[in-house]
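Worksheet: one structure, shown below.
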């Protein structure tokens, strides 16, 4: 690696540890954490306790096992807060292999610093979802493939890494299959071993699904549709990021003429088309934060985009012009400092909600919705019972308990959450007769609000 890339990565790690995350940024992280927490304790289920004292045993989550297993190892080694090492490890190692890929293609390694400037990727390094691990897996796959070391062990490894990326996110396979096919068609050395490695990697996805979820063909149902009616909105969102934050990225893909060009074109088209037709739009449910939630799907594609940029602008150059190197370095450091400092400030703000609930830790805690668990979970030593349709006021479980608190979260960052807040308000109206005190609301800088009530059952 070039010294510039090394120093920027070291700077990132130093800043990251100084501003180390303490809270989840979105609800999906909670599911990944629940899975990892259960697996780290040798379990494949968790209990949801209801007001009446009964419990329901459910699976902790249904995401592909790659990321939760990675997280469970971090929990076993470093404790629950070790989970936030995931993003930093995967981002830095992904950039390492991307820079090695660029070097193998005689493209200046400094271009790998575009990963730090692509701010959704940097923000997501502070989360524990599968997006940044997928970036790492694809960077490793492309480096292994493009460096043209086609010995028996290397070709088996190439296929295996491509296949096992399926264990982190299913759509990763769209970015691997075209390259495996082109490798086989041109009958490169040991292409049979590449195929065997690929099938072995994929098989782990199906075997693990059978072992954990009970079916070889288990796939998480996102509950989200596909359709051409989502084409225009998603196209505008994704293309703007791939043209601006990764300068001229999509244009350079079209112009790409290097190795595996047919695979690169078809993989990019198949991957982008899948998400362009995807109904999910994080902006609708999460406002401005949804920009990151939507563009995170693009992370596995970033290595190919940067490779295409490098091939188009710097083919056969071993060094970038000084002003480009200085700009990449400066913007990377600025982005690292800005994103991580703001991330730590936001985490500190989130801690207001966590601390407000912790003040009532000795009481019987009831959570009006799962959203409360984003702030009150085993990560900070808190758990509570989930409010269903039961009437707290007449619950036998709490008849002689005078220390009960009900908490819920209200968000106003989108119309979706405003509607949810209205529903919650009507839900609590029939508790009015047993509310003995209303706690002072805790409001965050993004208008997320914790509401709390002291309950006195009849």
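Okay, here's what the table says:
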quantity	calculated
Complete set of residues in segment 112-138 that are farther than 30 Å from residue 374 by Cβ and surrounded by 24 or more Cβ atoms within 10 Å (Cβ to Cβ)	112, 113
Subset of segment 235-259 (residues that are over 19 Å from residue 105 (Cβ atoms) and in contact (Cβ under 8 Å) with a residue 60 or more places away in the chain)	238, 241, 242, 245
Checking residue 36 against (1) more than 16 Å from the chain's Cα centre (by Cα); (2) touching a residue at least 40 places away in the same chain (Cβ under 8 Å), the condition it does not meet	(1)
Conditions (1) farther than 19 Å from residue 438 by Cβ; (2) modelled with pLDDT of 90 or more: number failed by residue 357	(1)
The listed residue being out of contact with any strand residue (DSSP E or B) (no Cβ under 9 Å at 6 or more places or on another chain), within 30 Å of residue 44 (Cα to Cα) and crowded, with 18+ Cβ neighbours inside 10 Å, out of 219, 198, 179	198
Residue within segment 229-245 that is outside any helix (DSSP H, G or I), surrounded by 14 or more Cβ atoms within 10 Å (Cβ to Cβ) and modelled with pLDDT under 90 present	yes
Selected residue (only one of 193, 156, 140 is touching a helix residue (DSSP H, G or I) at 6+ places or on another chain (Cβ under 7 Å), closer than 30 Å to residue 30 by Cβ and free of Cβ contacts under 8 Å to residues at least 60 places away in the same chain)	140
Residue match in segment 39-46 (condition: touching a strand residue (DSSP E or B) at 6+ places or on another chain (Cβ under 9 Å), without any contact (Cβ under 8 Å) to a residue 40 or more places away in the chain and under 21 Å from residue 370 (Cβ atoms))	yes
Residue that is surrounded by 15 or more Cβ atoms within 10 Å (Cβ to Cβ), in a helix (DSSP H, G or I) and out of contact with any strand residue (DSSP E or B) (no Cβ under 6 Å at 6 or more places or on another chain), where the choices are 341, 333	333
Qualifying residue in segment 195-210 (condition: in a loop (DSSP other than H, G, I, E, B) and more than 23 Å from the chain's Cα centre (by Cα))	no
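The rows are residues; the columns are (1) at pLDDT below 65; (2) closer than 28 Å to residue 26 by Cβ; (3) surrounded by fewer than 16 Cβ atoms within 10 Å (Cβ to Cβ); (4) touching a strand residue (DSSP E or B) at 6+ places or on another chain (Cβ under 6 Å).
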{"position": "420", "(1), (2), (3), (4)": "no, yes, no, no"}
{"position": "433", "(1), (2), (3), (4)": "no, no, yes, no"}
{"position": "440", "(1), (2), (3), (4)": "no, yes, yes, no"}
{"position": "449", "(1), (2), (3), (4)": "no, yes, no, yes"}
{"position": "452", "(1), (2), (3), (4)": "no, yes, no, yes"}
{"position": "455", "(1), (2), (3), (4)": "no, no, no, yes"}
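The values are calculated or read from the model by the stated rules, or taken from the named source; none is laboratory data. Small disclaimer: the values here were computed from a predicted structure and weren't measured. Using ideal geometry, Cβ is built from the backbone for each residue, glycine included, and neighbour counts are taken over all protein chains shown.
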